[in-house]
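Working notes, beginning with the structure itself.
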Amino acid sequence: MSVNTESPSSLDADAVVVGYHSGGDAPEPASGAHDVDTAFSGGLAQTLSLLGASGTPEEVHTLASLGAVKAPVVVAVGLGPAPAEGPVDSDILSRAAGAALRSLASRPEGAGRVVLALPADTAAEAGAVALGAQLGLYGFDRYRTGDREKAPATLVVASSAADAGDAVERAAVLAEAVTLTRDLVNTAPADLVPEDLASAAQEIAQQAGLRIEVLDERALSEGGYGGLTGVGQGSANPPRLVRLAHTHPEATKTVAFVGKGITFDSGGLSLKPAGSMDWMKSDMAGAASVLAAMRAIATLGLKVNAVGYLAVAENMPSGTAQRPSDVLTIYGGRTVEVLNTDAEGRLVMADALVRAQEDAPDLVVDIATLTGAQLVALGTRVFAVMSNDDEVRGEIVSAAGEAGEASWPMPLPEELRAGLDSSVADIANVAGERWGGMLSAGVFLKEFIEDGVKWAHLDIAGPSFNQGGPHGYTPKGGTGAGTRTLVRIAEEYAR
Ligand code: BES
Ligand code: MN
Ligand code: ZN
């Protein structure tokens, strides 16, 4: 990925991507498209009009340039209405770039060398274009056979904005982080058992210069991590707790991230029906996004101390599995009655949350594919943000927005705590009634946060895995949701 200030029509490339806006009688070429439009003798709008282009975001039209510009192909992508003033919305730009690159990457020869002549008058726009383009190129071919190797694509962002180079470099780090999360989520669960996820973390920590500590099943039972041990005991693949640390000598703040890493969630003895189980390889998406964000934080050298915990286990039914009505002891001593073994995420998260508070963080953020109820509440593209502090919740929702991710604030109603009362232990892992299932999971986690510790909980159950068709820069399967938000939070705490 690079930045070029020359005119896009003169650059040697396999394709040039331009944008156009909706509104008016005809589509309106966007900023960045004028050079190509001139090469088309001012006929770009009319050409798009003839093709029925309207300019809605992500609409893609591919044109043969027939020698008018140096690249043989021009890809025009819709950007919605032109902003009355100022830059084009970052997320619209990223989605448009993603849609264009997805379309180019689906060609048999792949995308090749692509010049992005989308609006990039500011560094932020250039970064948004670069991010979306790289994310749109994503493909997961680990399990495909045959010689479908495509030549790696090259992206050139056409921009003369000051600092465009820095913005594009940061975008590349973010895109690599999201790519890592997606790859880990898409990996078959047999190839990513807890030990494998811990090894992946080891390797990444070494490359990125992160400190790492891995607790294996012995260390976990000796240390009193009853949540991880209880959930993991039904599996032939024992659990792990991974701690990653990035430190900066000038840091004034510490943030702790905690990710749910259930490498496969069968439900345990409270077995899931088949139709809800086939995507449960994605139940480690929170842990993957923590690992990926920690790598990005280290690569960017952020002036913050960041610790990342991955709570990793496989939830399986077997003769050694925990039983509904078993009682386990979370790290730190509190007891939980396990009434439903499918509410396993909160058990492993409780262990890791208690442990994370030993780092005396200024903020704890956990991220988890925690509840099906999250999908009922917010659908498949918007994740939920809960917190024990109204201001923190607002900060996280804003950080997500700045990162280009959709989220929504959700409450932790106090009255839901009574539903988690257990007749034998300190708390039960599920509520008696099913209403507000996402919130009662959040209320459960809140029990394990000390008074005075600022904490936010992101439920990414829906947005982490795309079961529908691809859109914008989002592929089918693992999406990487939450990863950029975590990096953005670290950036805020680095200031
Ligand atoms: N991993 C699931 C939540 C989930 C569901 C994630 C769908 C992504 C898509 C979680 O462990 C779970 O099974 N939660 C239960 C909790 C219930 C038993 C209280 C659920 O939501 O059904
Ligand atoms: Mn479950
Ligand atoms: Zn789960």
### Query
Consider L439 against the criteria (1) more than 23 Å from G332 (Cβ to Cβ); (2) outside any helix (DSSP H, G or I); (3) open to solvent by 10 Å² or more (accessible area, probe 1.4 Å): it satisfies all of them except one. Which criterion is unmet?
(2)
### Message
Being in a strand (DSSP E or B) and under 28 Å from P273 (Cα atoms) is the filter here; which residues of the stretch 330-368 pass it?
### Response
V336, E337, V338, D366, I367, A368
### Task
Being part of a helix (DSSP H, G or I) and more than 18 Å from the chain's Cα centre (by Cα) is the filter here, so list the residues in the stretch 145-194 that pass it.
A164, G165, D166, A167, V168, E169, P189, A190, D191, P194
### Query
What tally of residues in the stretch 50-68 results from selecting those that are open to solvent by less than 50 Å² (accessible area, probe 1.4 Å) and either over 17 Å from G80 (Cα atoms) or polar (S, T, N, Q) (or both)?
3
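Considering only residues of the stretch 265-288 that are surrounded by 24 or more Cβ atoms within 10 Å (Cβ to Cβ) and more than 11 Å from ligand 1 (Cβ to nearest atom), which is nearest to S235 (Cα to Cα)? Write out each step before concluding.
Residues of the stretch 265-288 surrounded by 24 or more Cβ atoms within 10 Å (Cβ to Cβ): 265-266, 268, 281-288.
Next, only the ones that are more than 11 Å from ligand 1 (Cβ to nearest atom) stay: 287-288.
Working: A287: 19, A288: 20 Å.
Checked the stretch 265-288; the qualifying residue nearest to S235 (Cα to Cα) is A287.
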### Task
Return yes or no: is G482 touching a strand residue (DSSP E or B) at 6+ places or on another chain (Cβ under 6 Å), more than 17 Å from A175 (Cβ to Cβ), at pLDDT 95 or above and surrounded by 23 or more Cβ atoms within 10 Å (Cβ to Cβ)?
no
### Task
Check P152, P119 and return the single one that is modelled with pLDDT under 95 and either hydroxyl-bearing (S, T, Y) or outside the structural domain of E402 (by TED's automatic domain parsing) (or both).
P152
### Cross-chain or 6+ apart pairs with Cβ under 9 Å, the stretch 308-325 first and without any contact (Cβ under 8 Å) to a residue 12 or more places away in the chain, then within 16 Å of ligand 3 (Cβ to nearest atom)
G319/G234
## Note on the structure
Counting only residues that are part of a strand (DSSP E or B) and either of a type in the set (S, T, N, Q) or in contact with a Cys (Cβ under 9 Å, 6 or more places away or on another chain) (or both), the stretch 459-478 contains a total of 2
### Query
Is it true that some residue in the stretch 412-427 is among the polar types (S, T, N, Q) and closer than 30 Å to R323 by Cβ?
yes
### Task
Only one of these is within 21 Å of A251 (Cβ to Cβ) and either open to solvent by 40 Å² or more (accessible area, probe 1.4 Å) or within 11 Å of ligand 1 (Cβ to nearest atom) (or both): L291, L300, L347, L339. Name it.
L300
### Query
Can you tell me which residues in the stretch 6-26 are more than 20 Å from S103 (Cα to Cα) and touching a strand residue (DSSP E or B) at 6+ places or on another chain (Cβ under 6 Å)?
L11, S22, G23
### Task
Please state which of the following conditions G267 fails to meet, knowing it meets all the rest: (1) out of contact with any Gly (no Cβ under 8 Å at 6 or more places or on another chain); (2) away from ligand 2 (no atom under 16 Å from the Cβ); (3) in contact (Cβ under 8 Å) with a residue 60 or more places away in the chain; (4) on the phi > 0 side of the Ramachandran plot.
(2)
### Query
Could you say whether any residue in the stretch 252-260 is open to solvent by 30 Å² or more (accessible area, probe 1.4 Å), more than 16 Å from ligand 1 (Cβ to nearest atom), farther than 30 Å from W279 by Cβ and among the β-branched types (V, I, T)?
yes
### Message
So, in the stretch 452-474, how many residues would count as being open to solvent by less than 10 Å² (accessible area, probe 1.4 Å), among the small types (G, A, S) and within 16 Å of ligand 1 (Cβ to nearest atom)?
### Response
2
### Meets criteria (more than 16 Å from ligand 2 (Cβ to nearest atom) and in a helix (DSSP H, G or I)) for L197
yes
### Query
Would it be correct to say that R417 is in a helix (DSSP H, G or I), touching a residue at least 60 places away in the same chain (Cβ under 8 Å) and farther than 13 Å from V385 by Cα?
no
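The values are calculated or read from the model by the stated rules, or taken from the named source; none is laboratory data. Keep in mind that what you see is a predicted model, and the values were worked out from it rather than measured. Neighbour counts run over all protein chains shown; Cβ positions are idealised from the backbone, glycine included. Just so you know, the surface numbers come from the protein's heavy atoms only, side chains and all, with ligands and any DNA or RNA stripped out. Shrake-Rupley method; radii C 1.70, N 1.55, O 1.52, S 1.80 Å.
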